[in-house]
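Engineer: Questions regarding the structure given below will be posed in turn.
The values are calculated or read from the model by the stated rules, or taken from the named source; none is laboratory data. Just so you know, these numbers come straight off a predicted model, no measurement behind them. Glycine also receives a Cβ, built like all others from the backbone with ideal geometry; neighbour counts cover every protein chain displayed.
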Amino acid sequence: MPKGLGWMAVVGPGVIVLGASIGSGEFLLGPATFVKYGLSLLWVTGVAIFFQTIFNIEVMRYVVATGEPVFTGFMRTRPSAKAWAWFYAILFFLQFGWPAWAATSAAAIFFLFAGRLADPEDATLLYWCGVATFLACVGLLLLGRRIGRTLELLNWVMVVTILSGFLLLAFIFVPAGTWFAAVAGFTGFDTGSNRFMLLPAGADFFLLGALVAYSGCGGVMNITLGNWARDKGYGMGQHAGYIPAAIGGERVNLAHHGFVFTPDAKSMVRWRGWWRIVRADQWGVFFVGAILGMALPALLYVTFLPHGTDIRGLGISAALAEGVGRRAGPMLAGTIALLDA
């Protein structure tokens with residue numbers, strides 16, 4: 001078993017999914033909800049991330065045992081592989097087929113260089129900023145040895161940079177009372193009214209439903225953990241191969257089906273070792289990172305933006321930078337825009 005910093009090398013699938021979640025719920029839907037209704041709704045994110053972590057662990061259990069992604073197992077069930085392929089393709093398109101992340105990133109990049117929120121007449125420029133951001137991400141994934149490893153390294157850099165940056169800013173600017181309100185919010189307690197407020201009066205249930213779905217990662221993205229665990233070589237995945245990068249990767253024969261191991265004493269010792277790695281990846285990386293990723297931006301948003309403000313739209317990430325700029329100066333506003341981008 002790994003020791004000390006050696007754990008950083010064996011975990012990885014959790015940080016890929018965590019990196020995908022940061023930028024959706026954490027910087028978009030979470031702030032829109034907490035600024036409008038208060039931090040008492042943090043309990044929603046805590047419950048959602050807890051159950052997502054359990055689901056993720058079960059997805060990875062299947063990979064460790066068989067070496068194949070859970071999607072492959074789903075395809076063997078009724079009614080047919082073709083029906084499930086269309087079903088999941090549609091779900092993926094509905095969740096990720098829209099350029100929302102690139103658009104909000106473009107709004108933050110625009111603020112970083114222009115020093116102001118984008119106006120309707122800036123729509124064309126925002127469009128091309130979003131296209132450039134998307135193409136840059138695609139270009140990065142073409143390089144390296146294996147796609148999973150490239151994603152893992154990039155997401156480690158992104159997650160550590162963003163969370164440490166927001167943690168530092170929160171320690172500097174967020175008052176103690178707001179920190180306490182956030183901690184209490186994970187139980188549904190509202191420190192402003194001194195009572196539990198699980199569902200604020202007049203709450204927008206579409207917004208709350210989206211918050212549940214995007215807290216952590218949510219949706220079909222969690223199922224892809226099986227693919228990253230296989231490419232990482234977890235358990236029987238080391239016999240299945242991996243998806244290499246287009247540039248710099250070697251040709252690899254990727255098995256179309258999994259493998260079953262004999263549950264003898266030696267195999268079960270290895271199984272328990274892999275099981276500890278899976279739990280470290282999910283509880284130590286994904287769960288903790290997802291909780292911090294939702295709470296830290298929430299602390300800053302409710303500190304710098306007036307309670308009740310409706311900030312839904314493509315300018316959510318830039319709205320925080322503008323609010324910070326009014327109180328702390330343009331340099332710090334640019335830092336916020338860079339982290340959100």
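Engineer: May I ask you to list the residues in segment 241-293 that are among the aromatic types (Phe, Trp, Tyr) and more than 29 Å from Ala182 (Cα to Cα)?
Structural biologist: First, pick out the residues of segment 241-293 that are among the aromatic types (Phe, Trp, Tyr): 242, 259, 261, 271, 274-275, 283, 286-287.
Selection gives Tyr242, Phe259, Phe261, Trp271, Trp274, Trp275.
Engineer: What tally of residues in segment 124-145 results from selecting those that are under 18 Å from Ala20 (Cα atoms) and in contact with a Gly (Cβ under 8 Å, 6 or more places away or on another chain)?
Structural biologist: Qualifying residue count, segment 124-145: 0.
Engineer: Follow-up. Within segment 147-205, restricting attention to residues that are of a type in the set (Ser, Thr, Tyr) and crowded, with 16+ Cβ neighbours inside 10 Å, which residue is nearest to Ser21 (Cα to Cα)?
Structural biologist: Thr150
Engineer: Which of the residues spanning segment 181-210 are among the aromatic types (Phe, Trp, Tyr) and under 16 Å from Gly46 (Cβ atoms)?
Structural biologist: Phe186, Phe189, Phe196
Engineer: Go through the residues of segment 254-271 one by one and say whether even a single one is at pLDDT 90 or above and crowded, with 22+ Cβ neighbours inside 10 Å.
Structural biologist: For segment 254-271, residues at pLDDT 90 or above and crowded, with 22+ Cβ neighbours inside 10 Å: absent.
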